[in-house]
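Enquirer: First the structure, then my questions, so here it is.
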Amino acid sequence: MTEVPALSVVVPIHDEAESIPTLHAELSTVLKDHPGGAELVLVDDGSQDASLSLLRGLAEQDPTLRVVALDGNYGQSAALAAGFARARGEVIVTLDADLQNDPADIPRLLALLDRADVVNGVRVGRKEGFVRRAASRIANGFRNWMTEETVTDVGCSLRAMRAEYVRRVRPFRGMHRFLPTLLRLEGARVVEIPVNHRPRRFGRSKYGISDRLLTGFVDVLAVRWMQRRALRWRELA
C-alpha cells in the first residue's frame, strides 16, 4: 500500500493462530469499501504458536495488512503502543484478536466520531463466566471511583479514536486499562456505544484475575496522580 489510509485497525495478537484467518476475513469484509482506505496493523506479541507465520503469509496476499513482530511477549499495552506507532490513519480502531469483539460493529463506532474523539464499546450480553464478569465489574467500578470517571466498560478493547489524541498518550505498562481516561486527559471527547460480544471460539483467555490485582491498584494510583498533576491553562485573548 502506497497511499496513506484514512483508517488504521490495530490488533494485538498473542497465540491466536486459530482465530487469525477468521479475524482477517471479517475485518477485510467490513473495511473493503471504507472511504479513504483502511489498513490492518496486526501486532504479534511474541507468539509461540503459528500466529506470526500466518500473519506474514496473509500480508503477502493482502497489501492492506501490515505485520509488526515483537521479539518477545511484552503484553497488551506494549503491543498496542507498537501498533499505534506504525498506524498511519487519522482514525485508529482497536479490538481483540480472539473473535469476541465483532468487526461488524466498527462502522457504528466510526459514525459517532462526528461528535466525539473517542468512541468506547460497551459489551452487551457478555459471553463469559460469572466470576470473570463480576471481577471485571468490581475492577471497573474501583477504577472509576479512584479516577472520578464514568467509563462503563474500560475492559472492552473495541474502540475508535482520533489518532491525534492517541499519539499524545505516553505509553506505559498497563496503559490499555486506562485508555479512555488518558485520552480524556489529552482533551478528547469520549462517548460510549453498546457493542456485540461473542463467545470465545478457540483457546482460552491469556490473562488471569488474581495476577492483576496489585499491579492494577498501583496503576490506578499513578493515573490518579497524573489527573491531579496535569497542567492546564488558558491564554488571555
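The values are calculated or read from the model by the stated rules, or taken from the named source; none is laboratory data. Only a predicted model underlies this, so the values are computations on that prediction, with no experimental measurement involved. Note that we place each Cβ from the backbone using ideal geometry, even for glycine, and neighbour counts take in every protein chain shown. Note: areas computed on protein heavy atoms with side chains; ligands, DNA, RNA excluded. Shrake-Rupley method; radii C 1.70, N 1.55, O 1.52, S 1.80 Å.
Enquirer: So which of Leu55, Leu7 is closer than 23 Å to Gly155 by Cα and touching a residue at least 24 places away in the same chain (Cβ under 8 Å)?
Expert: Exactly one of Leu55, Leu7 is closer than 23 Å to Gly155 by Cα and touching a residue at least 24 places away in the same chain (Cβ under 8 Å), namely Leu7.
Enquirer: Now a separate question. Is at least one residue of the stretch 40-53 more than 17 Å from the chain's Cα centre (by Cα) and of a type in the set (Asp, Glu)?
Expert: yes
Enquirer: Considering only residues that are of a type in the set (Asp, Glu) and open to solvent by 30 Å² or more (accessible area, probe 1.4 Å), look in the stretch 61-101 and name the one that is farthest from Arg167 (Cα to Cα).
Expert: Asp71
Enquirer: Pull out all pairs, ordered by first then second residue, where Cβ-Cβ is under 7 Å, the residues are six or more apart or on different chains, the first lies in the stretch 96-112 and is closer than 14 Å to Glu16 by Cβ, and the second is buried (at least 20 other Cβ atoms within 10 Å of the Cβ) and among the hydroxyl-bearing types (Ser, Thr, Tyr).
Expert: Partner pairs satisfying both residue conditions: Asp96/Ser157; Ala97/Ser19; Asp98/Ser19; Leu99/Ser19; Asn101/Ser157.
Enquirer: Here's a follow-up. Select from the stretch 158-201 the residues that are open to solvent by 50 Å² or more (accessible area, probe 1.4 Å) and aromatic (Phe, Trp, Tyr) and list them in ascending order.
Expert: Scanning the stretch 158-201 gives a single hit, Phe172.
Enquirer: Name the residues in the stretch 138-157 that are surrounded by 14 or more Cβ atoms within 10 Å (Cβ to Cβ), within 21 Å of Val191 (Cβ to Cβ) and modelled with pLDDT under 70, would you?
Expert: Asn140, Arg143, Asn144, Thr147
Enquirer: Okay, moving on. Applying the selection to the stretch 149-189, what residues are acidic (Asp, Glu) and not in a loop (DSSP other than H, G, I, E, B)?
Expert: Glu164
Enquirer: Then there's this: What residue, among those in the stretch 24-60 that are closer than 20 Å to Tyr74 by Cβ and polar (S, T, N, Q), is least open to solvent (accessible area, probe 1.4 Å)?
Expert: In this case the residue turns out to be Ser51.
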